[in-house]
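A quick write-up on the structure given underneath.
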Amino acid sequence: MDTGIRLALTLSQIGAVMVAVLLTVAALTLLERKVLGWMQDRMGPMEVGPYGILQPVADGLKLFFKEDIIPAGANKFMFSMAPVLSLVPALIGFAVIPFGPDWTVDVGGVNFKPFVITDINIGVLYILAFASIGAYGIILGGWSSNSKYSLLGGLRSAAQLISYELNVGLSIVGVLLLSSSLSLVAITNAQAGGFWNWYFFGGGGFPQAVAFVVFIISSVAETNRTPFDLPEAESELVAGFFTEYSGMRFAFFFLAEYGNMILVSCVATVLFFGGWHAPFEFLQGPESIHWATGIFWFVFKVSSFLFLFFWLRATLPRLRYDQLMRFGWKVLLPIALANIVLTAIVAFLFPGS
């Protein structure tokens, strides 16, 4: 009986998170075009529904009913699996994200944490592992399409993976040293009490502002967003790795990109900006409503990072490929390593500060 209740509760959590993420993706497709329109002094979507608010619905219907084409000479199995390999890892990562207080409630004799699907002691490694798997979907999509443009896009993605996956991992080592944990719930709880306890501002004894900058730049490259959108550079590669994709297979790549943006924003919020904690304790309110204020602050912080993605796309040109690789290996990597050394020295000399 307990096993059945626990399974039902877990499935309901997974369903709620997946619905929330997919609805957010649909909203982001509209919000990004609106934000870019405002920044570039144009209207953005206006024709479908009042002020264009039904544009995501129109996009979804178009992709759902669009003809699904597999190119002649393509590897049909890998061509079909590549979008799935991109989308599924982007969604799986949300399983360890704490969206609210670390509460345990009793439901039918089962201890249930409503604001995190599972709290595992290697949550950070879990996310890094699945994030790296997602890149294989892009690589295989480019290779299996039997197109030179798609293949070049996939190869570019592989090169970015080697450069920026390393920097993403190194940039968060400082946080792990200060928190002495790989659990995202434990890392969030260690930043309670006010913004001065957040690792970005010096919680734990050494500010991780530089590490955050490395993390967010590397994450933009990891998600193939402007100015690091070289795998899908339309000025050079038509559309890059998904040139030959259409219909729902193309939609899966689209969902994966926005899902990764949301996941990266959630991880940045948890690791560097206190997760669901308010900047001042009095803004958290009485304990009875911590769940509501916690979700509000978490969503607010994640939304701020998503706006940053839009802002970068509206203002920065795409880098040349040699500039991208040089920046990753010769600038970000040494900075990330220096931050680890300094954080380790502080953590050793001033433990628990």
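The values are calculated or read from the model by the stated rules, or taken from the named source; none is laboratory data. Remember, it's a predicted structure, so these values are computed and weren't measured experimentally. All Cβ positions, even for glycine, are placed from backbone atoms using ideal geometry, and neighbour counts span all protein chains on display. Just so you know, the surface numbers come from the protein's heavy atoms only, side chains and all, with ligands and any DNA or RNA stripped out. Shrake-Rupley method; radii C 1.70, N 1.55, O 1.52, S 1.80 Å.
Just so you know, the Cα atoms of region 32-75 work out to an Rg and Dmax of 15.4, 44 Å.
Legend: residues I187, I162, I295, I216, sorted from most to least accessible area (1.4 Å probe; ligands, DNA and RNA excluded), read I162, I295, I216, I187.
Listed by number, the DSSP H helices of the chain that run 18 Å or longer by alpha-carbon position along their axis and have mean Kyte hydropathy of at least 0.0 are 2-39, 76-92, 123-144, 148-171, 209-222, 247-272, 290-315, 333-349. Mean projected area of the Cα convex hull of region 143-300, taken over all directions, amounts to 10.8 nm². Under the combined filter of DSSP loop state and at most 16 neighbouring Cβ atoms within 10 Å, region 6-35 retains none of its trypsin sites (Lys or Arg not before Pro).
For the peptides 66-75, 270-279, the ranking by packing is 270-279, 66-75, with the highest mean count of neighbouring Cβ atoms within 10 Å listed first. Stokes-Einstein diffusion for region 1-73, with the hydrodynamic radius set to the Kirkwood value over Cα pairs and evaluated at 10 °C in a medium of 1.306 mPa s, equals 104 µm²/s.
Using the 1.4 Å probe convention, the accessible area of the chain works out to 47 Å² per residue with neighbouring protein chains retained. In a reduced charge model with +1 at each Lys and Arg Cβ and -1 at each Asp and Glu Cβ, the chain shows a dipole moment near 560 debye about its Cα centre. Considering all different alpha carbon pairs of region 106-190, the Kirkwood hydrodynamic radius works out to 15.5 Å. Mean residue ellipticity at 222 nm, helices only, the chain: -21000 deg cm²/dmol; runs of at least 4 DSSP H residues each add -39,500 (n - 2.57), and the sum is divided by the number of residues. Cα gyration tensor of region 1-150, axes a ≥ b ≥ c as square roots of the eigenvalues: rounded (a/c below 1.5), prolate (a/b > b/c) or oblate? Judged from the Cα gyration tensor, region 1-150 comes out oblate (a/c at least 1.5, b/c at or above a/b).
Look at the dipole of the chain built from charges on Cβ: of L316, V110, L128, the Cα furthest out on the positive end belongs to L316. Separation of region 105-167 and region 77-101, taken as the distance between their Cα centroids, equals 6 angstrom. Result for the chain in a Gaussian network model with C-alpha springs under 10 Å: among G194, G52, G137, the largest mean-square fluctuation is at G52. Among the trypsin sites (Lys or Arg not before Pro) found in region 304-353, those both in a DSSP coil and sparsely packed, with 13 or fewer other Cβ atoms within 10 Å of their Cβ, are R320.
Accessible area of S12 (1.4 Å probe, protein heavy atoms only, ligands and nucleic acids ignored): about 60 Å². Need the C-alpha centroid separation for region 277-353 versus region 4-58, integer Å. Between the Cα centre of region 277-353 and that of region 4-58, the gap is 23 Å. Ligands, DNA and RNA left out, the accessible area of the chain computed with a 1.4 Å probe is 72% carbon and sulfur.
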